[in-house]
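Read through the structure below, which is laid out as structure tokens, and then see the notes.
The values are calculated or read from the model by the stated rules, or taken from the named source; none is laboratory data. The structure displayed is predicted, hence computed values, not measured ones. We place every Cβ from the backbone using ideal geometry, glycine too, and count neighbours over all the protein chains shown. Protein only, heavy atoms only, side chains kept; ligands, DNA and RNA dropped before computing areas. Shrake-Rupley method; radii C 1.70, N 1.55, O 1.52, S 1.80 Å.
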Amino acid sequence: MASEQVVGRWDNAPASSAETAKAKTAQSMVSQDLPTDPRRFAPIDNLRAVLVAWVIAGHALAGYTVIGGWPYDEVTEATMPRHLELILGTILGPTALFVMGTFFFLSGLLASGSIARHGPAGFIRQRLFRLGLPWLAFTLLIWPLLMWAAYRSAGHPVPIWEALEARQPFLDSGPLWFVQILLYVSLGHALLTWGGLARGFHRHTMSLLVVAIGIATASFIIRLWFPARSQQILDLHVWQWPQCIGLYVLGVLVAHQGWAERVPLRTVRRCGITVVIAITTGITVATLAGISD
């Protein structure tokens with residue numbers, strides 16, 4: 001019913017140009033099999049809130065530990081006791097392997113429905129406004145000012161332009177690097193739909209095992225050239241692209257199966273078992289290898 005209403009609204013609109021007709025075709029194509037109900041899903045909102053809190057906690061930890069990797073450790077005035085760092089690092093550290101990817105999965109899960117409601121052009125405008133502008137303002141203004149203030153408070157009175165020009169990588173976007181990548185992936189999704197290249201793509205299903213193997217293989221290959229925590233202009237985090245793009249695509253593939261409302265119980269159980277096995281294996285390997293730091 002929802003998809004019929006969406007198509008009907010387009011059919012009643014005047015065909016003012018070839019672009020409008022093309023957008024109508026792309027929108028009706030993705031709306032045939034996808035829910036277009038714009039209501040919010042409380043479980044997804046709750047999961048996002050937990051993930052955001054988890055990210056904040058992880059960065060707070062990285063700012064006061066030897067692990068580092070977070071710009072505040074450049075000017076930190078104190079560090080955590082080693083035993084506390086080890087405990088918190090063991091709990092929060094491994095989550096860096098999947099937290100950002102989960103954000104991309106949730107975005108892919110909801111993106112096709114948004115494209116169906118707004119059309120590819122409307123979706124692109126929305127993404128540029130909601131992702132592009134905040135990222136640009138943060139990268140060029142907010143983040144340099146924050147780092148300049150941090151340097152000065154730590155007794156390093158650097159000129160303000162050095163906080164923008166001299167930092168590595170150039171145009172460092174700090175914690176909003178993933179917003180930039182999500183913008184590129186979302187725009188690519190919309191353009192593929194607009195051009196008809198994504199016809200039937202959302203109807204396909206994919207084994208989670210195949211996705212996991214694909215992401216792991218692609219990550220291994222990519223990191224031969226772009227190692228983990230390597231730096232690129234615009235802070236692109238290329239070494240995390242396989243996971244981010246792969247999980248976004250997975251979200252698109254399972255969207256028509258209603259995963260936004262309820263994940264199949266069988267899948268939940270299998271994923272839970274896999275997590276337990278992965279954690280157990282990781283701890284065992286670390287112990288046998290004598291890793292204590």
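Between PHE226 and LEU86, 0.36 nm times their residue separation minus their Cα-Cα distance comes to what? Could the numbers behind the result be given before it?
On the way: separation 140, 0.36 × 140 = 50.40 nm, distance 2.74 nm.
Difference between extended and current length: 47.7 nm.
Determine the shape class of the range 204-293: with a ≥ b ≥ c the square roots of the Cα gyration tensor eigenvalues, call it rounded for a/c under 1.5, and otherwise prolate if a/b is greater than b/c, oblate otherwise. List each step's numbers first, then the result.
Values: a/c = 2.55, a/b = 1.18, b/c = 2.15.
Note, shape of the range 204-293 comes out oblate.
Over the range 213-293, with every protein chain in place, what whole percent of the accessible area is carbon and sulfur at 1.4 Å, could you tell me? Numbers along the way, then the final one.
Numbers: 3780 of 5370 Å².
Carbon and sulfur atoms account for 70 percent of the accessible area of the range 213-293.
Which FRET efficiency value, to the nearest 0.05, do you get for ALA166 and LEU128 by plugging their Cβ-Cβ distance into 1/(1 + (r/R0)^6) with R0 = 41 Å? Display every interim value, and only then the final one.
Details: r = 29 Å, r/R0 = 0.71.
Rounded to the nearest 0.05, the efficiency is 0.90.
Within 10 Å of each candidate Cβ there may be at most 11 other Cβ atoms; applying that plus a DSSP loop requirement, which trypsin sites (Lys or Arg not before Pro) in the range 243-293 survive? Provide the component values of the computation, followed by the final result.
Details: sites: ARG262, ARG266, ARG269, ARG270; in loops: ARG262.
Passing sites in the range 243-293 are ARG262.
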